[in-house]
Amino acid sequence: MSPIDPRRLALAALCEPDPERKAQAALDLFAGVRQALAIPEAECTASSLGGQAPADVTLAPGWRDTDWRPAAQQGAPLPGRPTLPRLVPAKDVPSRSPFTLEGRAALLHAICHIEFNAINLALDAVWRFPGMPEAFYVDWLRVAAEEACHFRMLRAHLATLGCAYGDCLAHDGLWTMCARTADDIVARMALVPRTLEARGLDATPLIQDKLTRAGDARAVEILNVILRDEVGHVAIGNRWYHHLCQARGLDAVALYPQLVQRHEAPRLRPPFNTAARLAAGFTEAELAYLAGDE
Ligand SMILES: [Fe+2]
Ligand SMILES: [Fe+2]
């Protein structure tokens, strides 16, 4: 059994265009790292446990330090994704009523697409940024595995509504922010998990309310799992944003609005899911900024 390089494998999974193979690769990769580092099952969520790893797997020496960016530039454009869904500007993705079957399928397709993208975002954090502590990579590999599980649950539920992933139009907003922060790990942590994923914390209860009224109990149940896991993803974003700010002598609260402006991140609007945001580690000062009382 030769040692595995988890960051090189994260890049390979990111390049994989087939959604099912990508999801399995993310789950297997986390299982391999968990096995190699003897991370107990108790420290994982059910969503991150679907992968397979050989019993005697080990990690390649120096795996945290390789700069894979030159290798990635030689390959196909990132991320690997299927030819469908067709990507269009966000304004061209029609919003439909969740109270028709087609509309509900379109809503869940949009969330399924977010989860597919979220696998890519987590894998990108792993391969792109060398020299971080081991815990950084373990955190983002766990996120990738959880996103793979979210994607699969939604895709399976979509099938019961007569819809396949790829059937509806979609937009590429999440990857766009990933690309804009490709050279700045502080901005990446600030704007992808702590802004875009955190927006999911705010939006999910409202969507669940609509799905409850539309009578889709299974979708509500899936979103409960997603919301639980996403609090953890945003917490991971907060953990590493604050870690990096502290290490570099940056004021995390003052820097955030500057990063929003520099990278044209969306300015978030209420209502905010304050309980979930506090559980994910946002401070009162950060919540006050969001509420507009700067
Ligand atoms: Fe997710
Ligand atoms: Fe997430």
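A compact table of results
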{"read-out": "Protection proxy ranking of 23-33, 237-247 - average other beta-carbon atoms within 10 Å, highest first", "value": "23-33, 237-247"}
{"read-out": "Phi to ³J(HN,Hα) by Karplus 6.51 cos²θ - 1.76 cosθ + 1.60 over the range 258-268, Hz, x for Gly, Pro", "value": "5, 5, 4, 5, 4, 9, 6, 7, x, 7, 6"}
{"read-out": "Structure-based [θ]222 nm, the chain - -39500 (n - 2.57) summed over DSSP H runs of at least 4, per residue, nearest 500", "value": "-19500 deg cm²/dmol"}
{"read-out": "In order through the range 270-281: 3J(HN,Hα) via Karplus (6.51 cos²θ - 1.76 cosθ + 1.60), integer Hz, x for Gly, Pro", "value": "x, x, 9, 8, 4, 4, 5, 5, 5, 4, 8, x"}
{"read-out": "Span from the the range 1-80 Cα centroid across to the the range 196-232 one, whole angstrom", "value": "28"}
{"read-out": "Listed residues Leu141, Leu49, Leu121, most fluctuating in the chain (Gaussian network, C-alpha, under 10 Å)", "value": "Leu49"}
{"read-out": "Alpha-carbon Rg/Rh ratio, for the range 87-290, with Rh computed the Kirkwood way", "value": "0.96"}
{"read-out": "Fraction of alpha-carbon pairs over 19 Å apart in the range 118-194 - percent", "value": "44"}
{"read-out": "Charge sum, other residues only, whose C-beta stays under 12 Å from Ser97's C-beta, Lys/Arg counted +1 and Asp/Glu -1", "value": "+3"}
{"read-out": "Segments 167-180, 187-200 sorted - mean Cβ within 10 Å per residue, highest first", "value": "187-200, 167-180"}
{"read-out": "J(HN,Hα) series, the range 245-253, from Karplus relation 6.51 cos²θ - 1.76 cosθ + 1.60, nearest Hz, glycine and proline x", "value": "4, 5, 4, 9, x, 9, 8, 4, 6"}
{"read-out": "Residues with amide H under 5 Å from that of Ile4, placed H, sequence gap 5 or more", "value": "Thr58, Leu59, Ala60"}
{"read-out": "Summed side-chain charge close to Pro133 - residues other than Pro133 whose Cβ falls under 14 Å, Lys, Arg +1, Asp, Glu -1", "value": "0"}
{"read-out": "Amide H within-cut-off set for Arg96, under 5 Å, with H built and near neighbours excluded", "value": "none"}
{"read-out": "Proximal charge balance of Leu206 [Cβ under 13 Å; K/R count +1, D/E count -1]", "value": "+2"}
{"read-out": "Relative contact order (percent, whole number), the chain, Cα cutoff 8 Å, 6+ residue spacing", "value": "19"}
{"read-out": "Selection from Gly166, Pro79, Phe116, by position along the positive dipole direction of the chain (Cβ)", "value": "Gly166"}
{"read-out": "Extended-chain gain in nm, criterion 0.36 nm per residue less alpha-carbon gap, Asp167 and Val225", "value": "18.5 nm"}
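No value in this document is a laboratory result; all are computed from the given coordinates. A quick note: this is a predicted structure, and the numbers were derived from the prediction, not measured. All Cβ positions, glycine included, derive from the backbone under ideal geometry; neighbour counts span all protein chains shown.
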